[in-house]
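Undergrad: Below is a structure I'd like to ask you about.
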Amino acid sequence: MIALDGWREYMRTHDHKALWALLHPDAVFESPVVHTAQRGRDITFKYLAGAEQVLGGPGFRYVGEWRNATGAILEFETEIEGITINGVDIMTFTEDGTQIVHFKVMVRPLKAINLLHRLMGEQLAKAAG
């Protein structure tokens, strides 16, 4: 799965050009704090780049992985502001495995969701200018 390898490389390097190339033009992003799915590469890129800024610090690590022919689930853990965050990134890839077409994030516990809601709002506002 080329896209999964690309995702891991993105999380290691934080290379936004690489993230853009990984996303299919019709990519869909589902967030634990946004009611509706976000559709399209532009908005998916904004959310994933913002999430990487918020979550992808030195304590971030993947602790589990499950794959099938068209996707992967990566379980992650990190700690922010004294709150341990546990979640999963659920990815679906194009048929040839080169791009991400669907990315869903699920997070627990409730304290972590509330924290991420605040931090992602701040990050997206900062990115907007």
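Derivation of every value follows stated rules applied to the coordinates shown; laboratory data play no part. Predicted model, so just to flag it, every value in this text is computed and none were measured. Cβ coordinates were reconstructed from backbone atoms using ideal geometry, including for glycine residues, and neighbour counts include every protein chain displayed.
Undergrad: Taking segment 1-69, how much of its Cα-Cα pair set, in percent, is spaced more than 17 angstrom apart?
TA: When every Cα pair of segment 1-69 is considered, 48 percent fall beyond 17 Å.
Undergrad: Specify the inter-centroid distance of segment 102-125 and segment 1-48, based on alpha-carbon positions, in whole Å.
TA: 15
Undergrad: Next question. Once the Cα gyration tensor of segment 36-111 is found, what semi-axes does its equivalent ellipsoid get, as square roots of 5 times the eigenvalues, in whole Å, sorted largest first?
TA: Working through the eigenvalues yields semi-axes of 23, 16, 11 Å.
Undergrad: If you don't mind, another one. Please report, in debye to the nearest 20, how large the charge dipole of segment 2-128 is about its Cα centre when each Lys and Arg carries +1 at its beta carbon and each Asp and Glu carries -1 there.
TA: 280
Undergrad: Right, another one. Which peptide among 7-15, 63-71 comes first, and what is the full order, when sorted by highest mean count of other Cβ atoms within 10 Å?
TA: The densest-packed peptide leads the list: 7-15, 63-71.
Undergrad: Using only the alpha carbons of segment 2-128, what is the convex hull's orientation-averaged projected area in square nanometres?
TA: Average of the hull's projected areas for segment 2-128 equals 7.2 nm².
Undergrad: Under 21 Å from the Cα of LYS17, which lysines turn up, not counting those fewer than eight places away in the same chain?
TA: LYS46, LYS104, LYS126
Undergrad: Full-extension gain between ILE73 and ARG108, please, as 0.36 nm times their residue separation minus the C-alpha to C-alpha distance.
TA: Taking ILE73 through ARG108 to full extension adds about 11.1 nm, to one decimal.
Undergrad: For ILE85, list long-range residues whose amide hydrogen, built 1.01 Å from N in the peptide plane, is under 5 Å from its own amide hydrogen.
TA: THR78, GLU79, ILE80
Undergrad: Using mean Cβ contacts within 10 Å as the protection proxy, how do 100-111, 29-40 order, highest first?
TA: 100-111, 29-40
Undergrad: State, to one decimal in nm², a quarter of the convex hull surface area for the C-alpha atoms of segment 1-40, i.e. the direction-averaged projected area.
TA: Convex hull of Cα atoms, orientation-averaged projection: 3.3 nm².
Undergrad: Now for a separate question. Return the distance in nm (one decimal) between the two label points of a simple spin-label model at VAL34 and LEU124, each offset 7 Å from Cα along Cα→Cβ.
TA: 0.5
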